[in-house]
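Visitor: Got a structure for you, questions after.
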Amino acid sequence: MSQIYDIAVIGAGSIGTSCAYYNAKKGADVILIDAGDIADSTSSRSDGNILVCDKQPGFDALFAKASQDMFPGLEKELDYNIEWTQKGSLYLTETEEEFEIASRFCSDMKQCGIEMRMLDHKEVLEDEPYLAKDIYGGLETISDGSVYPIGLAYAFALAAERLGAVLSLHNPVVDLKKEENYFSISCENGTILAKNVVNACGVRAPLIGKMAGLDIPIRARQGQILVSEQTFRVARRKVHEFGYMLTKFQSGDYERPVSERVKRNEVAFVFEPTASNNFLIGSSRSFVGEDIRSEIDVMQALAERAIRFFPVIAGIKVIRAYSGLRPFTPDHMPIVSGTAIPGFYIAAGHEGDGIGLSPITGKCMADIIAGEETFMDLSPLSFERFSN
């Protein structure tokens, strides 16, 4: 009889590789399955930010901070250079109204233990001298950082392999059935048997869910990014507009003073310097299925918004553009839980936070499968919340 693994993790992005690692760390026999290679999809098309600043006060922020706090020790634990840096991040406010909204947000986050501070007009320009001179103010989040996202997924996968996990890559899942006490996973390269399954397929989690008879409410939400040529240091760390929060959560009555093109493409300014002396410009949000083509109208909106905040970059060339797909859920929160099918678990729906939330997601999933108590009540992430 074929080996029956304790756990089969489907999906080798940052979430799936983390789940494989933390389960293997507990001594489970793990197999990691993917239709392509490690970080072959969304994880390779992200900017690698590890943020708390873009979370809602309360559970969302606390869950993200717990994950963020794991990163400083990950490089040593995984024995892999993930390029972790922690320079903080800066939100920009264009108007007095935005500054007041950000100030209330800052106060609420500080009550959750998140270290933030407001910067006035003078302080913002001292912090980033190349900013447009009419920027009203800003909000600094001290703990925010970034990693090399592909490196993070490889770090988790290779560390899991050293612990005995099997990597079954370039092996698409074509069917999945629950037998009496194990799952039969039909793949292109043969059948894999496992007592438990973790669906960590991101935007394709609904396809695996459908095989198991589950309707998983995850949709692909596209985002585009511009990449600059190598140049001087425009900014020392991540800089983005506070309007990013409004476009991410689509809440509140505040209307940003933006052009029709920016509004139409749901563009909010995000600037990320890289270790290669260029920078990334984002971000857009749109529902276009799994289309990852870069659209010129979106690219122009991204450039327009970036020049508004950093006029100096108008003369810097863009060398390429790319798109990725965020696994979006209706309440913007991931699913990290079991299901009504014993042994079938979901770790997906992290939208643009999969890289940042990968360590805590993997650890919690390993605790859940082992029947151990998680570090906090994870009911807000339960799959059951969508059946109410």
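No lab work stands behind these numbers, since they all come straight from the coordinates. A quick note: this is a predicted structure, and the numbers were derived from the prediction, not measured. No Cβ is skipped: glycine too gets one built from the backbone with ideal geometry, and neighbour counts run over all protein chains shown.
Visitor: Suppose each label sits 7 Å from its Cα in the direction of the beta carbon; what would the LYS317-PHE386 distance come out to in nanometres?
Guide: Placing both labels 7 Å along Cα→Cβ, they lie 4.4 nm apart.
Visitor: Let's test the formula: R0 of 56 Å, r as the Cβ-Cβ distance of THR95 and ALA340. What FRET efficiency results, to the nearest 0.05?
Guide: So the FRET efficiency works out to roughly 0.70.
Visitor: Pull up all non-local amide H partners of CYS187: gap of 5 or more, or a different chain, and H-to-H distance under 5 Å with H placed in the peptide plane.
Guide: It is VAL174, ILE192, by chain and number.
Visitor: Given the Cα-Cα distance of PHE232 and ARG117 and 0.36 nm per residue of separation, how much length would full extension add, in nm?
Guide: 38.6 nm is the gain from fully extending PHE232 to ARG117.
Visitor: Nearest 5 is fine: what % of DSSP beta bridges in the range 215-323 come out antiparallel, could you say?
Guide: The answer is about 95 percent antiparallel.
Visitor: I need the phi-derived Karplus couplings for the range 166-182: 6.51 cos²θ - 1.76 cosθ + 1.60, θ = phi - 60°, integer Hz, Gly and Pro marked x.
Guide: Along the range 166-182, the couplings run 9, 9, 10, 9, 6, 9, x, 7, 10, 6, 8, 10, 8, 8, 4, 9, 7 Hz.
Visitor: Run through the range 166-262 and list the chymotrypsin sites (Phe, Trp or Tyr not before Pro) located in a DSSP loop whose Cβ has at most 14 other Cβ atoms within 10 Å.
Guide: The qualifying sites are PHE232, TYR254.
Visitor: Right, something else. Pick out, in residue order, every one of the GluC sites (Glu not before Pro) in the range 129-180 that is DSSP loop and has at most 13 other C-beta atoms within 10 Å; say none if there are none.
Guide: GLU179, GLU180
Visitor: Another one. At a threshold of 8 angstrom on Cα-Cα distance, excluding pairs fewer than six apart, so keeping six or more, what relative contact order does the range 254-372 reach in percent?
Guide: Value for the range 254-372: 17 percent.
Visitor: Also, quick follow-up: Give me the distance in nm between label points sitting 7 Å out from Cα along the Cα-to-Cβ direction at TYR130 and ASP331, one decimal.
Guide: It is 4.1 nm.
Visitor: Using θ = phi - 60° and the Karplus curve 6.51 cos²θ - 1.76 cosθ + 1.60, what whole-Hz ³J(HN,Hα) does each residue of the range 49-59 get, with Gly and Pro shown as x?
Guide: 7, 10, 10, 10, 4, 9, 9, 7, x, x, 3
Visitor: Further, regarding this structure: Could you compute the net charge surrounding GLY27? Neighbours are other residues with a C-beta less than 13 Å from the C-beta of GLY27; K and R count +1, D and E count -1.
Guide: -1
Visitor: Could you tell me which of the pairs LYS76/LYS177; LYS55/LYS317; LYS55/LYS122 are separated by over 29 angstrom between their Cα atoms in the structure shown?
Guide: LYS76/LYS177; LYS55/LYS317
Visitor: Below 14 angstrom from the Cβ of ARG293, what's the summed charge of the other residues (Lys, Arg +1; Asp, Glu -1)?
Guide: -2
Visitor: Given Cα positions, please report Rg to Rh for the range 187-289, the hydrodynamic radius being the Kirkwood one.
Guide: Computed over Cα atoms, the ratio is 1.13.
Visitor: Let me ask another. Please compute the contact order of the chain in relative form: average sequence separation of alpha-carbon pairs under 8 Å and at least six residues apart, divided by the residue count, as a percent.
Guide: Answer for the chain is 23 percent.
Visitor: Another question, if that's okay. When ILE307, ILE142, ILE281, ILE296 are ordered from fewest to most other Cβ atoms inside 10 Å of their Cβ, what list results?
Guide: If I rank by nearby Cβ atoms, fewest first, I get ILE296, ILE142, ILE307, ILE281.
Visitor: Follow-up. For the residues LYS133, LYS87, what sequence is obtained by ranking on other C-beta atoms within 10 Å, fewest first?
Guide: Result, fewest neighbours first: LYS133, LYS87.
Visitor: Something else now. Among PHE309, PHE59, which comes first, second and so on when ranked by fewest other beta-carbon atoms within 10 Å?
Guide: PHE59, PHE309
Visitor: For the range 256-304, take the alpha-carbon Rg, divide it by the Kirkwood Rh, and send me Rg/Rh.
Guide: 1.01
Visitor: Can you list the residues, at least 5 places off or on another chain, whose amide H is less than 5 Å from the amide H of GLN56, using H built in the peptide plane?
Guide: Result for GLN56 returns ALA61.
Visitor: Here is a further query. Under the Karplus relation 6.51 cos²θ - 1.76 cosθ + 1.60, θ = phi - 60°, what is the ordered set of whole-Hz ³J(HN,Hα) values for the range 146-157, x standing for Gly and Pro?
Guide: 8, 9, 7, x, 5, x, 5, 5, 5, 4, 5, 5
Visitor: Enumerate the residues in the range 319-347 having an amide nitrogen under 20 Å from the point lying 7 Å beyond the Cα of VAL288 toward its Cβ.
Guide: Answer for this model: 319-329.
Visitor: Now for a different question. Quick one: what do you get for the range 53-206 if you divide its Cα Rg by 2.2 N^0.38 Å?
Guide: Here the answer is 1.48, to two decimals.
Visitor: A further question follows. At 7 Å along the Cα-to-beta-carbon direction for both SER184 and SER259, put a label point, then send me their distance in nm to one decimal.
Guide: 5.9
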